[in-house]
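Q: Here it is, the structure, as structure tokens.
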Amino acid sequence: MAKFATGAIVALKSGGPNMTAGTLTEVGYVTCFWFDQNQSLQSVTLHEDLLVEAVV
């Protein structure tokens, strides 16, 4: 079972921008989306163990 729901606001445990959880896989990977300082959409796929729910 995934730790996060699609649309959850997450962040890396080590810090960084808040991101929106997108695609979730059965093996624990989450594709996250955020806008950079130039308002360009960015994405990265990370293991859910690297993420926490962001405080917004």
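The values are calculated or read from the model by the stated rules, or taken from the named source; none is laboratory data. Values in this document were obtained by computation on a predicted structure and should not be read as measured data. Cβ atoms come from the backbone with ideal geometry, glycine included; neighbour counts cover every protein chain shown.
Q: Restricting to the range 16-32, name every residue that is in a loop (DSSP other than H, G, I, E, B) and out of contact with any Phe, Trp or Tyr (no Cβ under 6 Å at 6 or more places or on another chain).
A: G16, N18, T25, E26, V27, G28
Q: Right, another one. Give the residue that is surrounded by the most Cβ atoms within 10 Å (Cβ to Cβ), with candidates limited to residues of the range 1-30 that are of a type in the set (S, T, N, Q) and within 19 Å of V55 (Cα to Cα).
A: By that ranking, first place goes to T20.
Q: Of all residues in the range 33-56, how many are part of a strand (DSSP E or B) and loosely packed, with under 10 Cβ neighbours inside 10 Å?
A: 1
Q: Could you check, for the range 29-37, whether at least one of its residues is at pLDDT 95 or above and among the acidic types (D, E)?
A: Checking the range 29-37: at least one residue is at pLDDT 95 or above and among the acidic types (D, E).
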